[in-house]
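What follows is a short report on a single structure.
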Amino acid sequence: MKDRYSYCGDFFDDFYDTGTFAADRISGRAWDASFQVAAAASPIASVACVDTWLADFRGDLPKIDVPMPAIHGSADRILPHESTAKRLPGPVRGLRLVTIDGGPHNRLGLWLGTGGRGPLTGNGIYQMVKRRGDQAGVRVYPHRFRHHFSHTWLDRGGAEGDLIELNGWSSPQMLERYGGSVRGARARRHDDLIMRD
């Protein structure tokens, strides 16, 4: 790659569709943050990861046997809708495709109100996630994502202070709840190992 930084800049312009959304949906600082992560990555890894994009999972798609929504922007410049998401309902039984008209690759539009009403509130996001889950036949709500993230973070050795900051908690009280969940999971894994021996 001759000019990695220009490539990354062009990629994020397409990722966020800055020509359309830069003014009101993606700030320059958010774009810069994405660019800085990419620019700081290993040049070797940046090139080597491209081969993983070529993996062909089409044979695995018919094996999916749970209700599944697919949400995709019709203006995605990274993975064009016509050649990706639009083809999924055939091989994936029961898939419900939701197309965001004019949406970019990045899903900024999912959490923004329509008709100039501005961003959704926390309650609005909760209702949208629940509604989409109901439409897909999956019992889901935002707290489930936070619980899974927090449990997994601690189970894999993530720092407690970082978890408090990432979740926006004002006190370590929630750590006690998730810490108990992780201790229970570790005890069950340990018990399983002992019983196998």
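Derivation of every value follows stated rules applied to the coordinates shown; laboratory data play no part. Here the structure is a predicted model, which means the values were calculated and not measured. Every residue, glycine among them, receives a Cβ derived from its backbone with ideal geometry; neighbour counts consider all protein chains shown.
Quick rundown of the values:
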quantity	calculated
Equivalent ellipsoid, segment 143-196 (semi-axes from 5 times Cα gyration tensor eigenvalues, Å)	24, 10, 9
Dipole of the chain, positive end: most advanced residue of A55, L166, T152 [Cβ charges, Cα centre]	T152
Contour minus Cα-Cα distance for F145 and V47 (0.36 nm per residue)	32.1 nm
Computed [θ] at 222 nm, helices only, for the chain once each DSSP H run of length n ≥ 4 contributes -39500 (n - 2.57)	-15500 deg cm²/dmol
Per residue convex hull volume, Cα atoms of segment 4-53, in Å³	74
Normalised convex hull volume, the chain, alpha-carbon set, Å³ per residue	202
Only Lys, Arg (+1) and Asp, Glu (-1) charged, at Cβ; the chain dipole about Cα centre in debye	780
At 0.890 mPa s and 25 °C, Stokes diffusion of segment 1-112 via Kirkwood alpha-carbon radius, µm² per second	155
Translational diffusion of segment 40-97, µm² s⁻¹ [Kirkwood Rh, Cα pairs; Stokes-Einstein; 10 °C; 1.306 mPa s]	118
Proximal lysines to K86, defined as alpha-carbon separation beneath 29 angstrom and excluding residues fewer than eight positions away on the same chain	K63, K130
Sites excluded, chymotrypsin sites (Phe, Trp or Tyr not before Pro) in DSSP loops with at most 14 other C-beta within 10 Å, longest stretch of the chain	58-168
